[in-house]
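The structure appears below as structure tokens.
The values are calculated or read from the model by the stated rules, or taken from the named source; none is laboratory data. It should be emphasised that the depicted structure is a prediction, and the values quoted were computed from it without experimental measurement. Cβ placement follows ideal geometry from the backbone for every residue including glycine, while neighbour counts extend to all protein chains displayed.
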Amino acid sequence: MLEVTGLEAAYGRARVLFGVDLSVEAGQLMCVMGRNGVGKTTLLNSVMGVLTPTAGKVVFDGRDVTRLPTYERVRLGMGYVPQGHETFPQLTVAENLQVTLEATRHRDRAAVAEALEVFPRLKEMLKRRAGFLSGGQQQQLAIARALVTRPRMLILDEPTEGIQPSIVLEIEQAIERLHKERGLAVLLVEQYLELALRLADGFVILDGGMVRHSGTAADLRDEEVRRLLAV
Amino acid sequence: MESLLNQLPIGLSIGAVLLLIALGLTFTFGQMGVINMAHGEFIMAGAYTAYMLQDWAGAQAAAVALPVAFALAGTMGWVLERTAIRHFYGRPLDTLLLTWGVSLVLQQAARDLFGAPNVQVVAPSWLNGGVTIGGGTLPYNRLFIMALAIACVAGIWAYQNRSAQGRRMRAVMQNRELAACSGVATARVDQLTFFIGSGLAGVAGVALTLIGPVGPSIGTYYIVDAFLVVVAGGLGQLRGAVIAALALGMLNSFAEFWTNASLAKVIVFAAIIVFLQFRPQGMFVLRSRALT
């Protein structure tokens with residue numbers, strides 16, 4: 001479903017990615033792991049076109065999207081939840097979802113209800129401004145917003161980072177349901193090994209802007225793999 | 001005391017003019033953060049639109065010119081955004097220099113087309129006369145400008161809060177990257193926002209023809225005031241712009257009553273400087289957990 005080959009990216013003259021290969025099958029939950037600063041967020045931003053890669057190719061569903069603007073990729077079915085529970089802070093929760101719906105091709109109002117089903121807690125906050133929600137609620141809204149686009153693949157950047165444990169659990173369960181029940185393909189950046197072990201079908205470990213290791217969830221228990229993740 | 005009360009409607013009408021010329025900037029400067037020095041020349045374009053239409057529409061020119069000026073100034077702004085400004089996003093100083101250059105070119109173009117001397121637009125006959133309030137009269141043309149300002153504010157409010165396009169605009173201005181990640185075509189939103197902001201300058205230009213002569217440098221008289229209103233009101237805040245414009249209009253009219261026109265200007269500028277010392281973010285600010 002997603003094929004990334006030889007992806008290179010840089011911020012000005014500082015190169016961050018040195019040829020990353022990655023592939024996510026339909027219905028697969030792929031976890032990208034690695035220490036801080038190895039290029040995980042840069043990888044996702046390059047896949048989504050938020051950052052323009054300097055070399056390499058991103059193919060989604062058989063279509064080369066490397067040169068497409070971000071919003072076109074979203075409309076093709078790549079749902080992206082960037083790092084740091086991002087919302088439109090001055091819009092209400094309902095407006096956050098509506099503005100996203102109005103930017104989709106399908107424009108089906110039912111998509112909002114479906115997204116709210118995943119995080120029922122948000123239903124009580126529809127009229128509140130997103131900026132006033134707690135971090136965990138903002139993250140739920142951020143994921144719900146991505147779901148409104150009816151993605152065929154969900155791309156999540158550390159969805160549990162800095163979020164209170166009870167909501168971490170809700171988010172983990174939501175991701176699991178979306179993946180297992182709806183068969184959504186997921187590309188997940190996660191530092192939390194236990195969570196990755198529970199959710200992922202496969203993983204890649206980035207180090208120094210390259211893929212150092214990849215395999216199935218079972219391989220994550222390997223000592224060498226753990227060494228790569230140790231701080 | 002009575003003559004003091006007479007300053008009230010005068011202050012309101014000055015405030016309405018300030019508001020009209022500042023409304024466009026709440027879009028291009030307030031929402032998009034672009035310092036467009038050519039905004040004053042879009043005002044000028046609106047004013048000359050009314051002048052040009054006189055041949056065809058006669059005394060009704062000012063009324064007919066409103067939509068035409070909106071479209072013309074909006075298109076000028078759109079072209080400027082497409083050809084130049086969009087390459088300079090995130091570089092405010094470069095944008096300032098660039099648009100200042102454009103402003104000079106447009107002023108010279110106006111001098112070549114219409115001549116350097118001021119021209120006059122004849123106000124529609126139904127705007128002659130006025131209502132008597134207390135001891136003074138409030139001319140109909142001033143009332144018309146107030147009504148126009150109110151209509152524009154209402155229109156902008158409805159656009160921002162009730163339309164899909166306005167919602168998109170707010171989303172892009174609050175979090176551009178996330179808007180793109182939500183499927184919003186941000187570049188198209190920028191174009192429309194700039195079109196509307198510039199178009200409003202054209203409307204303001206038409207309004208100015210009702211209260212004074214039109215000249216190639218009409219924009220430069222008003223551009224500083226317009227920026228001051230937006231800054232004092234708080235960037236991107238419609239109600240801030242409304243209150244700031246009215247407050248400055250009132251201050252101006254009362255200061256002028258007690259002193260004279262040029263000293264009143266000094267007092268207004270001084271008041272703004274003092275105000276911004278204490279509240280550099282303006283009257284109203286976006287407040288939320290995410291931003292603090």
Quick one: would you say A:V186 is touching a strand residue (DSSP E or B) at 6+ places or on another chain (Cβ under 8 Å) and either farther than 19 Å from A:L133 by Cβ or at pLDDT below 95 (or both)?
yes
Among the listed residues A:R129, A:R121, A:R109, A:R73, identify the single one that is under 18 Å from A:A185 (Cα atoms) and among the basic types (K, R).
A:R73
With (1) in a helix (DSSP H, G or I); (2) in contact (Cβ under 8 Å) with a residue 12 or more places away in the chain; (3) more than 27 Å from B:P67 (Cα to Cα) as the list, and B:G282 as the residue in question, which single condition is left unmet?
(1)
Flag for A:R105 being crowded, with 18+ Cβ neighbours inside 10 Å, of a type in the set (K, R) and out of contact with any His (no Cβ under 8 Å at 6 or more places or on another chain):
no
Going by what's in this entry, would B:R142 be described as part of a helix (DSSP H, G or I) and either within 14 Å of another protein chain (Cβ to nearest Cβ) or modelled with pLDDT of 95 or more (or both)?
no
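Let's see how each residue does on (1) of a type outside the set (F, W, Y); (2) within 13 Å of another protein chain (Cβ to nearest Cβ):
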{"position": "A:F132", "(1), (2)": "no, yes"}
{"position": "A:R145", "(1), (2)": "yes, yes"}
{"position": "A:R198", "(1), (2)": "yes, no"}
{"position": "A:R212", "(1), (2)": "yes, no"}
{"position": "A:D219", "(1), (2)": "yes, no"}
Which of the residues that make up region B:145-169 are facing another protein chain (nearest Cβ under 10 Å), in contact with a Leu (Cβ under 9 Å, 6 or more places away or on another chain) and surrounded by fewer than 20 Cβ atoms within 10 Å (Cβ to Cβ)?
B:Q165
Helices (runs of 4 or more DSSP H) wholly inside region B:170-245 that include at least 3 residues being buried (at least 23 other Cβ atoms within 10 Å of the Cβ), within 14 Å of chain A (Cβ to nearest Cβ) and not acidic (D, E):
B:176-181
Can you pull out the residues in region A:95-115 that are facing another protein chain (nearest Cβ under 7 Å), acidic (D, E) and not in a helix (DSSP H, G or I)?
A:E102
Would you mind listing the helices (runs of 4 or more DSSP H) fully within region A:122-220 where at least 2 residues are of a type in the set (S, T, N, Q) and surrounded by fewer than 16 Cβ atoms within 10 Å (Cβ to Cβ)?
A:165-180
Which is more than 29 Å from B:A261 (Cβ to Cβ) and either among the β-branched types (V, I, T) or out of contact with any Cys (no Cβ under 9 Å at 6 or more places or on another chain) (or both), of B:A16, B:A57?
B:A57
Hey, could you check region A:135-168 for residues that are over 16 Å from A:L199 (Cα atoms) and hydroxyl-bearing (S, T, Y) and say which is modelled with the highest pLDDT?
A:T149
